[in-house]
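Below: the structure, in structure tokens.
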Amino acid sequence: MEHKSKYPVSHVVGFFFSLILTFVAVFVALKMNVSYTIVMWIIGSLAVVQAGLQLFMFMHVTEGEDGKTNVINMAYAVFVAIVIVAGSIWVLTSGHAAH
Amino acid sequence: MGIKWNEIFVGGDPLLVGSQIAIVLTVVAIVVGLTYFKKWGWLWREWLTTVDHKKIGIMYILSGVLMFFRGGIDGLLMKAQTARPEMNFLDAQHYNEIFTTHGVIMILFMAMPFLIGLMNVVVPLQIGARDVAFPQLNALSFWLFFSGAMLFNISFVVGGSPDAGWTSYFPLAGKEFSPGIGNNYYAIALQIAGLGTLMTGINFIVTILKMRAPGMTLMKMPMFTWTTLITSIIIVAAFPIFTVALALMTFDRLYGTHFFTLSSGGSDMLWANLFWLWGHPEVYIVILPAFGIFSEVIATFSRKTLFGYTSMVVSIVGIAFLSMIVWVHHFYTMDAGPAVNSFFSITTMLIAVPTGVKIFNWLFTMRKGRIQFTTAMLWALAFVPNFVIGGVTGVMLAMAAADYQYHNTLFLVAHFHYVLIPGVVFAVFAGLYYWWPKMFGFMLNEKLGKYHFWLFVIGFNVTFMPMFFLGLKGAVRRAYTYSAESGFAPLFLVSAIGSIILAIGFAVFCYNIYWSFRYAKRNVSHDPWDARTLEWMTASPVQFYNFAVVPEVKQLDAFWHMKKRGETLTLKESDIKKIHMPSNSGLPFYMAVVFGITGFFLVFEAHIAAAVAAIGIVIGLVIRSFDYNDGYYVSVDEIKRTERTWRNVEGGTENHVG
Ligand code: HEM
Ligand SMILES: [Cu+2]
């Protein structure tokens, strides 16, 4: 693994951001006075952001000779997953067939 | 155990008893033949345990030929039954079974292995690699496919065929309406074969991304390699959907769950939805490699580089992307509401755009080219107009509102045969005539090839053109007969006659293989077509290590430019280094056998026997994980000796027969 600088800046930054995101999630879940659905949406989004952050900061998806391939792969996987799940729900719950 | 032995062998019907006897006799003949000629050891060493991508490719192609034969006979039987009104050749149940096995076999066991076979033979050579990334996995892919295909094929004599259509829609395909074991074959055999395909997809993605010759950037890859890469990506995206859907179907049928049933909260349309989420990408899985084959053939025989290479790449990527978001066009009439139907209408019609780009690129490649009318090129030329008919009628079907009229008629059947036969079958024939010398070291006879071509193309049009009109007049698909008053009789008769011409064409092809195998000249050069890509740079048939020295690639059509620079065959003996090659393994074949046995017991719902057989699968996995054999080296001496048999030291080629 080659790093631009000796000191693992990205790891430290990533670590702090992860901590912040985690604490925000805890705060939202325990202290904020909003409905359950909203809480779920907020912490769900925070989780996705954190997963993305870690992929870049810790797992270095963009680095190395396969960086581009990895990113394209993941974007495609997300696309396929959304198509399958959201697409199926949309198709099967709209129109006459579902009612 | 719950096996009802009296139900296993389907008796009574003369057609079936005849085929049972024929199968037994063929097996006996093969066994006796192998023993008599003392070929068992050869079969095991050279074929059953091989991990060589070229041999695996040849086995795929051979399976494809066999399955085309089987699927074709199914097609002919259907055409015979509908040749006249109120015929009593097949009854309704037989017709159901036959169109089901015909559809499944043609798509999954004919088109797929033909194309995967050509991919196997050609792609590693085109990118200058010694083999695929995971050679033993590749053998496993083939053997799992073969196991699944054989399991599916025995259904018509052992236990009864699936009969709910190649789409096997619920609720019809469920236990409630199809209580026999026929549809278990569908669920389980396709699962086993699908595992093999999924592994092929992974294998080729890694091979193409990781094992290209030095200097071959993505945008310098031959077009067939590009289409193989994109196809593999679609396989990896789409096949797991089918895996899951089939697993749920198996649970429903074997273990009484309610995923797709009408009662207890199941959703029958969920099956249709999942099936086509896989099924539409699947049709692009078979069409894209075919596009790649045509690109190679057209460029070679127009003696020009492919027109609009970049736009070709962009269009295949575009097609791959769009192919994932069009699946609802297969069930507009489910009536999912105007928003859904409009969305999928638009995406479907959009696919015509990149496809049109490709068609024009091929035409422009030919423009002002010095076209050589070889058999391979004839298939590519015939492909263009025939496929356009399929494409245009596809756009007609894409309009949801109009589809309410065409839906479920022979118009649709004619449409998809006009896409699949020119798109896949013509391509496979083109590819076989083109790459045959590379695989076997002799050419297929061009004259017989032309008979094959004309009979097949004319027969194809005579068979399927009338079906468009029958469909427009209201003839429904999957109906085993029709009345004399319907007025359908003349067109059905024409169509049946067409199918005989088609069949004669295929027979000429089989005869051509036989004839060329016996009589064709053997000293064909390594580059008989004066072609453009790296596979033509090495011997015909290709030596097992592919390239003595891995070539350096400087631009697209690398070999063509090397020939221009006159640097193709000069091999400095000092450049030769020992080559690392993978060892053969009997494990993939063993896995196919245990998967086949497990599958067979599952089909007959003998759960305990299946569980016992499945232990065999686990044992195979364990053996594999303790397998530390990582291949062997080919010595420099052996390489020198092999290379001297086909090129001389100065670099000229011997005995050029064109
Ligand atoms: C070789 C000549 C062929 C003939 C004579 C033929 C004939 C037929 C006929 C008569 C049908 C049934 C029509 C009906 O619904 O009643 C049919 C269905 C079908 N064919 Fe072919 N076909 C041929 C080749 C192919 C090929 C090459 C493919 C695919 C690569 C293919 C795929 C299918 C499929 C998927 C169905 C639908 C099965 C179903 O309804 O479940 N056919 N064919
Ligand atoms: Cu489709």
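Readers should treat all values here as calculations from the given coordinates under stated rules, not as data from a laboratory. Keep in mind that what you see is a predicted model, and the values were worked out from it rather than measured. Heads up, the Cβs are rebuilt from the backbone with ideal geometry, glycines too, and the neighbour counts pull from every protein chain shown.
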Note: B:Phe321 to B:Leu493 extended length (0.36 nm per residue) minus current alpha-carbon separation gives 57.8 nm
Could you size up the charge dipole of segment B:264-419 around its Cα centre, putting +1 on the beta carbon of Lys and Arg and -1 on that of Asp and Glu, and report it in debye to the nearest 20? 940
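For peptide A:73-81, how many partner chain Cβ atoms fall within 10 Å of a residue's Cβ, on average?
3
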Step through the table entries B:Lys578/B:Lys640; B:Lys304/B:Lys563; B:Lys554/B:Lys577; B:Lys220/B:Lys563, compare each Cα-Cα distance with 20 Å, and write down the pairs that go over it. B:Lys554/B:Lys577
Evaluate the charge dipole of the protein assembly as shown about its Cα centre and quote only its size in Debye, nearest 20, assuming +1 on the Cβ of each Lys and Arg and -1 on the Cβ of each Asp and Glu. 1920
Helix-only CD estimate at 222 nm, as mean residue ellipticity for chain B, using -39500 (n - 2.57) per DSSP H run (n ≥ 4): -21500 deg cm²/dmol
Farthest toward positive dipole pole in chain A [+1 Lys/Arg, -1 Asp/Glu at C-beta], among A:Val26, A:Gly95, A:Pro8: A:Val26
Sum -39500 (n - 2.57) across every DSSP H segment of at least 4 residues in chain A, then divide by the residue count to get the 222 nm mean residue ellipticity, nearest 500. -25500 deg cm²/dmol
Neighbourhood net charge (15 Å Cβ-Cβ; Lys/Arg +1, Asp/Glu -1) for B:Ala164: -1
So for segment A:1-60, using the alpha carbon gyration tensor with a ≥ b ≥ c as root eigenvalues (a/c under 1.5 gives rounded; past that, a/b versus b/c decides prolate or oblate), I'd call it prolate
Within 10 Å of the Cβ of an average residue in B:335-343, the count of other chain Cβ atoms is 5
Quick one: grab the alpha carbon gyration tensor of segment B:565-635, order the square roots of its eigenvalues as a ≥ b ≥ c, and give me rounded if a/c is under 1.5, else prolate or oblate depending on whether a/b is larger than b/c. prolate
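For the protein assembly as shown, what does the alpha-carbon gyration tensor say about shape, rounded, prolate or oblate, given a ≥ b ≥ c as the root eigenvalues, a/c under 1.5 as rounded, and a/b over b/c as prolate?
Details: a/c = 1.37, a/b = 1.03, b/c = 1.33.
Cα axes put the protein assembly as shown in the rounded bin.
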Work out the P(r) tail for segment B:502-658: percent of alpha carbon pairs separated by more than 29 Å, whole number. 50
Across peptide B:318-328, what mean number of C-beta atoms from other chains lies inside 10 Å of a residue's C-beta? 2
Rank-order B:234-242, B:140-148 by packing density, defined as the average count of other C-beta atoms within 10 Å over each peptide's residues, highest first. B:140-148, B:234-242
Find the eigenvalues of the gyration tensor of the Cα atoms of chain B, then list the square roots of 5 times those eigenvalues as equivalent ellipsoid semi-axes, largest first, in whole angstrom. 40, 30, 25
Return the distance in nm (one decimal) between the two label points of a simple spin-label model at B:Leu472 and A:Val39, each offset 7 Å from Cα along Cα→Cβ. 6.4
